[in-house]
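J.: Have a look at this one before I ask anything.
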Amino acid sequence: MIEEKDYKSTEQEALAEEQREREWQETWGKDINLYLAKIDGLLAEGSSESRMKIKDMFGDREFFEHYKQVDAFAIMFVIMSIYELEDARGVSPTILEQADTVEGLLDVFFQFKMILYRLDFNVGRETRAEFLSFLKEHSVSTNWMGVMLTTSVLRPLTMALKLEKIFDDEGLQQLWLSILLFLQEYLPGNYRVTARIAAIYRENGQTVAAEGYQKRIPEIPDELQAQKELVFECQELLWKMQYKEAGADRSIVKFIKQQEADNALWEFVLEHCVVQEKEYYLRMAELLLDAEEAEKAEIALKRSLQSAPGDEITLCLLAEVAVKSGNIDNALAYLSQIENPSELAVKFQKTCMELKERRQYG
């Protein structure tokens, strides 16, 4: 039940908001169409000088602060951020040359956003062709693509990987490299992506840049060199799980099952995994135990223990794995590392000691 004071407070807030809206309309709102018409005129002029005037308008933070809640101005601000990046690189034609009115620019922007949405969620059979056609028709720059991935796409990682494959398949080398660099900057840690960037720079004779990227990948031991592609594939799944890609955790278990990945490979990728949260490794261990991959689960739990020494949950799970493998001494050794054991941990330790005694005395 809403109390009277809460109702009055809500009513006062609503009245205050109404007053703020009224004041905004009287001071700033009345000039919206004036400013939009001014931008339309500058776009229609189509010169570099007119585009710089639009840039200066949106570069005025005080001006934008007054209109940021207006959809047309908010989207134009994103468009201008794309234009600034393109202008700095000397891109031609720029995004501002895709239409000669604000309405036209917003329409082009919205079209691209919807195409990316359909591409991301596999909506429509012709979406890929529509996407490639849009790129060509509107001369989409790498800057434009990058900003869309950071501002207008619901699943940047999924979308970026999909675009990487499309650009590679279509031989769109500049866009392909831009997506790889996007992944490297915004979602770092994927060995395969880093290795591809290094290879591209190496092929182009940019050996220093190539070496810089290559150094970001841990040196793969000689005994795993023959499984290099599997190392990259497994590590990419861990990378996806790091960025909370839906289903990545179960894909790791599927990979281990299907590829019959050996312990050395699994230990290597986990040893060099940058994630520090114990929950990340506990989730892996849980799924691996369910899949009856006890050895792989134990490796994941030991990595969890490195992130959280003395963690009771991790140590109890390690003890449980040890008991199931018949190694009671190891189970007791794990349990002894718990500094302030819970009642359940104490009971587990007692059970292990009793089990050990029964085995000793038959």
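J.: Using the Cβ atoms and a cut-off under 12 Å, what net charge is assigned to the surroundings of Glu343, where Lys and Arg are +1 and Asp and Glu are -1? All intermediate terms of the calculation are to be shown ahead of the outcome.
T.: Values: positive: Lys347, Lys350; negative: Glu312.
Combined, the nearby Lys, Arg, Asp and Glu give +1.
J.: With everything on Cα atoms, drop me the angle between helix 142-151 and the longest principal axis of the chain, reported from 0 to 90° to the nearest 10.
T.: Orientation of helix 142-151: about 70 degrees from the principal axis.
J.: Let me ask something else. Please report the carbon-and-sulfur percent of the accessible area for the range 67-214; probe 1.4 Å, protein heavy atoms only, DNA, RNA and ligands left out. List each step's numbers first, then the result.
T.: On the way: 3680 of 7100 Å².
Within the range 67-214, the accessible surface is 52 percent carbon and sulfur.
J.: Follow-up. Could you grab the relative contact order for the range 93-218? Cα pairs under 8 Å, six or more apart, rounded to a whole percent. Kindly include the intermediate steps, with their values, before the conclusion.
T.: Working: 94 pairs, mean separation 19.9, N = 126.
Result for the range 93-218 is 16 percent.
J.: Can I ask one more? How large is the dipole of the chain about the Cα centre if only Lys and Arg carry +1 and Asp and Glu carry -1, each at its Cβ, rounded to the nearest 20 debye? Could the numbers behind the result be given before it?
T.: Values: 42 positive and 65 negative charges, 196 e Å.
It works out to roughly 940 debye.
J.: Pairs of alpha-carbon atoms within less than 8 angstrom and 6+ residues apart define the contacts here; what relative contact order does the chain have, in percent? Provide the component values of the computation, followed by the final result.
T.: Details: 289 pairs, mean separation 25.0, N = 362.
Rounded, it is 7 percent for the chain.
J.: Could you point to the label whose value was computed as Cα Rg over 2.2 N^0.38 Å for the structure here, given [x] 1.73; [y] 1.39; [z] 1.05?
T.: Correct label, based on the coordinates given: [y].
J.: Something else: Want the number for Lys53 to Gln12: 0.36 nm per residue separation, take away the alpha-carbon distance, what's left? Spell out each step's value before the answer.
T.: Details: separation 41, 0.36 × 41 = 14.76 nm, distance 4.18 nm.
Full extension of this stretch gives 10.6 nm more.
J.: Using Cα positions and a limit of under 14 Å, work out the aspartates and glutamates in reach of Lys347, with same-chain residues fewer than 8 apart set aside.
T.: Glu312, Glu320
J.: Now a separate question. Using alpha carbons only, how many degrees (0 to 90, rounded to 10) separate the axis of helix 156-170 from the longest principal axis of the chain?
T.: It is inclined by approximately 80 degrees.
J.: Okay, next question. How far, in nm, would the chain grow between Phe63 and Val123 when pulled straight, counting 0.36 nm per residue and subtracting the alpha carbon separation?
T.: On the way: separation 60, 0.36 × 60 = 21.60 nm, distance 3.91 nm.
Between Phe63 and Val123, full extension yields an extra 17.7 nm.
J.: Which value in deg cm²/dmol, rounded to the nearest 500, describes the helix-derived mean residue ellipticity at 222 nm for the chain, given -39,500 (n - 2.57) per DSSP H run of n ≥ 4 and division by the residue count?
T.: Numbers: 20 runs with 269 residues, N = 362.
Estimated from H runs of four or more residues: -23500 deg cm²/dmol.
J.: Of Asn330, Phe110, Leu230, which is farthest towards the positive pole of the chain's charge dipole, taken about the Cα centre with +1 and -1 on the beta-carbons of Lys, Arg and Asp, Glu respectively?
T.: Asn330
J.: Can I get the semi-axes of the range 203-261's equivalent ellipsoid? Compute them from the C-alpha gyration tensor as square roots of 5 times the eigenvalues, in angstrom, largest first. Can you show the working numbers first?
T.: Values: eigenvalues 141, 52, 14 Å².
Semi-axes (√(5λ), whole Å): 27, 16, 9.
J.: Right, here's the next one. Take the Cα of Ile32, step 7 Å along the line toward its Cβ, and report every residue of the range 62-103 whose backbone nitrogen sits under 16 Å from that point.
T.: Residues 64-77, 102-103 qualify, since their backbone N sits under 16 Å from the label point.
J.: Subtract the Cα-Cα distance of Ala74 and Gln111 from 0.36 nm times their separation in residues, and report this length gain in nm to one decimal.
T.: Working: separation 37, 0.36 × 37 = 13.32 nm, distance 1.65 nm.
Here the segment from Ala74 to Gln111 would lengthen by 11.7 nm.
J.: Further question: Just to be sure I understand the model, the point goes 7 Å from the Cα along the line to the Cβ. What's the resulting Gln360 to Val346 distance in nm?
T.: 2.2 nm
J.: Please give every one of the lysines within straight-line cross-link reach of Lys38, meaning a C-alpha to C-alpha distance under 22 Å, and leave out same-chain neighbours fewer than 8 residues apart.
T.: Lys30, Lys53, Lys55, Lys68
J.: Label the range 287-333 by shape, choosing from rounded, prolate and oblate, from the square roots a ≥ b ≥ c of the eigenvalues of the Cα gyration tensor; if a/c is under 1.5 it is rounded, and otherwise prolate applies when a/b is larger than b/c, oblate when it is not.
T.: Values: a/c = 2.10, a/b = 1.08, b/c = 1.94.
Verdict is oblate for the range 287-333.
J.: Hey, for a label at Gln259 modelled as a point 7 Å past Cα toward Cβ, could you say which residues of the range 162-202 have their backbone N under 16 Å away?
T.: Residues 190-196 fall inside that zone.
J.: Using a 1.4 Å probe, what is the accessible area per residue for the chain, in Å²? Mind dumping the intermediate values first?
T.: On the way: 20750 Å² over 362 residues.
Ligands and nucleic acids excluded, the figure is 57 Å² per residue.
J.: Angle, helix 71-89 long axis vs. longest principal axis of the chain, Cα atoms, 0 to 90°, nearest 10?
T.: The two axes meet at around 80 degrees.
The values are calculated or read from the model by the stated rules, or taken from the named source; none is laboratory data. Nothing here was measured: the structure is a model prediction, and the numbers come from that model. Heads up, the Cβs are rebuilt from the backbone with ideal geometry, glycines too, and the neighbour counts pull from every protein chain shown. Only protein heavy atoms, including side chains, enter the accessible area calculation; ligands, DNA and RNA are left aside. Shrake-Rupley method; radii C 1.70, N 1.55, O 1.52, S 1.80 Å.
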